[in-house]
Amino acid sequence: AQSVSQHNHHVILSEAASLELGCNYSYGGTVNLFWYVQYPGQHLQLLLKYFSGDPLVKGIKGFEAEFIKSKFSFNLRKPSVQWSDTAEYFCAVRSKAAGNKLTFGGGTRVLVKP
Amino acid sequence: DGGITQSPKYLFRKEGQNVTLSCEQNLNHDAMYWYRQDPGQGLRLIYYSQIVNDFQKGDIAEGYSVSREKKESFPLTVTSAQKNPTAFYLCASSTTGPNSPLHFGNGTRLTVT
């Protein structure tokens, strides 16, 4: 069964600091990987996705993620965060072998201090 | 505007009562999903449906039931058998295929006392 692990439950940092959120998945076959974001009081939104090709994926709002197949990882990065990046971030994996179910990690709450 | 509508936003029920949460989409998506969100546990899949009149159990289906009589609608019933029903419930839809992102509704917060 596919599963997703997000290493940090809470991250606190100051504006302009760099952000990296870890994500590891368990399934060894072909996967599609996603990062979603949930801003306070808002619904989940897609931040970026990886299907194939270039393992470095760029998303909205300056976020990027790198797929490293050998490490089963899909870490999310942003070089310089803003207060408006305060949100909860979810990594997710989907595979045909798992019936196209989207499996989420436990989420990471990010608080950016102004 | 196309989207997913969940209603109501807040729902209160007494223990022992069944309750049905509504989810409607006008995105013409074939697949629909129900997730439960609890603090620190992320989103856990309850049920999903990839086509009308068919649905599959997710990871935590016990105590829940669904129906998919219409493409646009995927209601979730939280039964009295669900041991810990108080939670935030999210509905989503997508086109079929593993590379299709999910579109989420705004959620329903259910409180059972």
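Rolling a 1.4 Å probe over the protein heavy atoms of the stretch A:1-99, with every protein chain left in place, gives an accessible area that is 54 percent carbon and sulfur. Dipole check for chain B: with +1 at the C-beta of Lys and Arg, -1 at the C-beta of Asp and Glu, and the Cα centre as origin, the magnitude is about 320 Debye.
Taking only C-alpha pairs under 8 Å that are 6+ residues apart, what is the relative contact order of chain B in percent? Each step should come with its number before you reach the end.
Values: 290 pairs, mean separation 39.3, N = 113.
Rounded, it is 35 percent for chain B.
Counting every alpha-carbon pair across the stretch A:10-114, the share separated by more than 16 Å comes to 55%.
For the residues A:SER70, A:SER26, A:SER84, a GNM of chain A with alpha-carbon springs under 10 Å puts the largest fluctuation on A:SER70.
Interface size between chain A and chain B, please: total buried accessible area, 1.4 Å probe, rounded to the nearest 100 Å². Could you put the intermediate results ahead of the total?
Values: alone 6270 and 6400 Å², together 10860 Å².
Looking at A and B, the buried total is near 1800 Å².
Taking B:GLY16, B:GLY40, B:GLY58 in turn, the Gaussian network model of chain B (Cα-Cα springs below 10 Å) assigns the largest fluctuation to B:GLY40. The residues of chain A present an accessible area of 47 Å² per residue when probed at 1.4 Å with all protein chains retained.
Rounded to the nearest 5, what % of DSSP beta bridges with both residues in chain B are antiparallel? Display every interim value, and only then the final one.
Numbers: 34 of 38 bridges.
In chain B, DSSP labels about 90 percent of beta bridges as antiparallel.
Remark: the stretch A:84-98, residue by residue, has Karplus-estimated 3J(HN,Hα) of 6, 7, 4, 5, 10, 10, 10, 8, 8, 10, 9, 9, 5, 5, 9 Hz, where x stands for each Gly or Pro and the curve is 6.51 cos²θ - 1.76 cosθ + 1.60 at θ = phi - 60°. Among the trypsin sites (Lys or Arg not before Pro) in the stretch B:1-96, those placed in a DSSP loop whose Cβ has at most 13 other Cβ atoms within 10 Å are B:LYS9, B:LYS14, B:LYS83.
Summing +1 for each Lys or Arg and -1 for each Asp or Glu, what net charge is found among the other residues whose Cβ lies under 14 Å from the Cβ of A:GLN2? Write out the running numbers ahead of the final one.
Numbers: positive: A:ARG94, A:LYS96, A:LYS101, B:ARG44; negative: B:ASP59.
Net charge around A:GLN2: +3.
With 19 Å as the limit on Cα-Cα distance, the pairs of A:LYS49/B:LYS9; B:LYS9/B:LYS57; A:LYS96/B:LYS70; A:LYS49/A:LYS101; A:LYS78/A:LYS113; A:LYS58/A:LYS96 that go past it are A:LYS49/B:LYS9; B:LYS9/B:LYS57; A:LYS96/B:LYS70; A:LYS58/A:LYS96. Give the calculated FRET efficiency between A:THR86 and B:ILE51 to the nearest 0.05, with a Förster radius of 45 Å applied to their Cβ-Cβ distance. Calculated value: 0.70.
The values are calculated or read from the model by the stated rules, or taken from the named source; none is laboratory data. Computed from a predicted structure; not experimentally measured. So basically every Cβ, Gly included, is an ideal-geometry build from the backbone, and we count neighbours across all protein chains shown. Only protein heavy atoms, including side chains, enter the accessible area calculation; ligands, DNA and RNA are left aside. Shrake-Rupley method; radii C 1.70, N 1.55, O 1.52, S 1.80 Å.
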